[in-house]
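J.: My questions all concern the structure below.
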Amino acid sequence: MEKVPMTSQGFMRLQEELNHLKTNERQAVIRAIADARALGDLSENAEYHAAREKQSFIEGRIAELEAKIMHAHIIDVSKLSGDTIKFGAHVFLEDEDTEEEICYQIVGVDEADIKEGLLSISAPLARALIGKKVGDSVEVKTPGGLKGYHILKIEYR
């Protein structure tokens, strides 16, 4: 598997989630399984089966996070600069239809949260923005048709 770009903040969030699952959630589900076993007949014990299912989910998520962390290529955005858009950039855009101003940071796939302004590097808008400069315009195909944006400012912080 190839390395996956990720900001240092995104990497820290993955590590925090992994630590929480290993130290808190895993231990809680082990206790729940032990408590359910103490109730007797496991074949008709709903608490036992629910706890085992939760354990399976937690272990799967732990494995997934460990793989993501192992393949992460951490990029310190604060050390980047330039006048073109690249991974990690905060991009200030103006919607050409509504003249609304918006800001997105281009981040790794696992960090994306559009409500928080974190735009996945694999998103069509991010792909259209990469390599562009202030003053450029981009058009992106959306489910509602073509959408145009004008690039107002680029920051690396």
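Every number in this text was worked out from the coordinates using simple rules, so none of it is lab data. Values in this document were obtained by computation on a predicted structure and should not be read as measured data. Cβ: placed from backbone, ideal geometry, glycine included. Neighbour counts: every protein chain shown.
J.: If you add up the charges near Ile154, with Lys and Arg at +1 and Asp and Glu at -1, over every other residue whose beta carbon is less than 13 angstrom from its beta carbon, what do you get? Intermediate results must be reported in sequence, preceding the final value.
T.: Details: positive: Lys86, Lys132, Lys133, Lys153, Arg157; negative: Asp83, Asp136, Glu155.
In short, +2.
J.: What angle do you read, to the nearest 10 degrees and between 0 and 90, between the alpha-carbon axis of helix 26-37 and the longest principal axis of the chain?
T.: Here the helix axis deviates by roughly 30 degrees.
J.: Report the gain in length on full extension from His49 to Asn24: 0.36 nm times residue separation, minus Cα-Cα distance, nm rounded to one decimal.
T.: Values: separation 25, 0.36 × 25 = 9.00 nm, distance 1.98 nm.
Value of the extension gain: 7.0 nm.
J.: Suppose each label sits 7 Å from its Cα in the direction of the beta carbon; what would the Asp41-Lys115 distance come out to in nanometres?
T.: Each label point is offset 7 Å from its Cα along the Cβ direction, giving 4.4 nm.
J.: While we're looking at this one, here's another question. With respect to the cross-link table entries Lys115/Lys141; Lys68/Lys153; Lys86/Lys141; Lys3/Lys132; Lys3/Lys115; Lys79/Lys115, which display a Cα-Cα separation exceeding 29 Å? Intermediate results must be reported in sequence, preceding the final value.
T.: Working: Lys115/Lys141 20 Å; Lys68/Lys153 31 Å; Lys86/Lys141 20 Å; Lys3/Lys132 24 Å; Lys3/Lys115 26 Å; Lys79/Lys115 25 Å.
The answer is Lys68/Lys153.
J.: Over the Cα atoms of the stretch 4-75, what radius of gyration and what Dmax do you get, in Å?
T.: 15.9, 52
J.: For the chain, modelled as a GNM with alpha-carbon contacts under 10 angstrom, which of His49, His71, His20 fluctuates the most?
T.: His49
J.: Kindly list the residues of the stretch 45-73 that lie in the label zone of Ser8, defined by a backbone N under 19 Å from the point 7 Å along the Cα-to-C-beta vector.
T.: 69-73
J.: A follow-up question, please. Any idea what angle helix 8-20 forms with the longest principal axis of the chain, computed on alpha-carbon atoms, 0 to 90 degrees, nearest 10?
T.: 10
J.: Regarding the chain, what are the three Cα extents along the principal axes, ordered largest first, in Å?
T.: Principal-axis extents of the Cα atoms in the chain, largest first: 70, 36, 26 Å.
J.: Here's another thing I want to ask about it. Do any trypsin sites (Lys or Arg not before Pro) in the stretch 1-45 lie in a loop, going by DSSP, with at most 10 other beta-carbon atoms within 10 Å of their beta carbon, and if so which? The partial results should precede the final answer.
T.: Values: sites: Lys3, Arg13, Lys22, Arg26, Arg31, Arg37; in loops: Lys3.
Those that pass, being in a loop and sparsely packed, are Lys3.
J.: In addition: Figure the gain on full extension for Ile130 and Glu59 (residue separation times 0.36 nm, minus the Cα-Cα span) and round it to one decimal in nm.
T.: Values: separation 71, 0.36 × 71 = 25.56 nm, distance 3.65 nm.
Full-extension gain reported as 21.9 nm.
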